[in-house]
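The values are calculated or read from the model by the stated rules, or taken from the named source; none is laboratory data. For clarity, every value in this text was computed on a predicted model and none was experimentally measured. Backbone-built Cβ (ideal geometry, glycine too); neighbour counts: all protein chains shown. SASA here: full protein model, heavy atoms, side chains in, ligands and nucleic acids out. Shrake-Rupley method; radii C 1.70, N 1.55, O 1.52, S 1.80 Å.
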Amino acid sequence: MREVIKFNQVEEKILTIRNQNVILDSDVASLYGVETREINQAIKNNPDKFPEGYIIRLNKEEWINLKSKILTSSWGGKNKLPNVFTEK
């Protein structure tokens, strides 16, 4: 049985990018108990399930700024720019 996701688990992962509240693809994966690549594969394979404006691909500058704010190491980790999910 899947664990219930509590509001505070989601709330602590919310970031503001481009004046929108968003959650990183890796945080969405963590909440659902899957790997980030599975989330991004679902996006790629099912684009009709993710309407325009639902997902934003961060640009390099946004990702660099975000990493410095959340203390994500630049050593290892993501090879591609992450997606973020909006509140939609």
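For the condition within 18 Å of Thr86 (Cβ to Cβ), open to solvent by 100 Å² or more (accessible area, probe 1.4 Å) and not aromatic (Phe, Trp, Tyr), what is the one hit in Lys60, Lys49, Lys6?
Lys49
Starting from residues that are part of a helix (DSSP H, G or I) and open to solvent by less than 70 Å² (accessible area, probe 1.4 Å), keep the ones in segment 26-40 and report whichever is modelled with the lowest pLDDT. Show your work before the answer.
Going through segment 26-40, the residues part of a helix (DSSP H, G or I) turn out to be 26-32, 36-40.
Of the ones still in play, those that are also open to solvent by less than 70 Å² (accessible area, probe 1.4 Å) are 26-29, 31, 36, 39-40.
Details: Ser26: 91, Asp27: 91, Val28: 91, Ala29: 92, Leu31: 88, Thr36: 92, Ile39: 93, Asn40: 91.
The qualifying residue modelled with the lowest pLDDT is Leu31.
Which members of segment 46-67 meet the condition of being among the aliphatic types (A, V, I, L, M) and at pLDDT below 90? Full working, then the answer.
At the first step, the residues of segment 46-67 found to be among the aliphatic types (A, V, I, L, M) are 55-56, 58, 64, 66.
Selection gives Ile64, Leu66.
Quick one: which residue in Ile43, Ile23, Ile70 is of a type in the set (A, V, I, L, M, F, W, C), at pLDDT below 90 and open to solvent by less than 90 Å² (accessible area, probe 1.4 Å)?
That would be Ile70, the only listed residue that is of a type in the set (A, V, I, L, M, F, W, C), at pLDDT below 90 and open to solvent by less than 90 Å² (accessible area, probe 1.4 Å).
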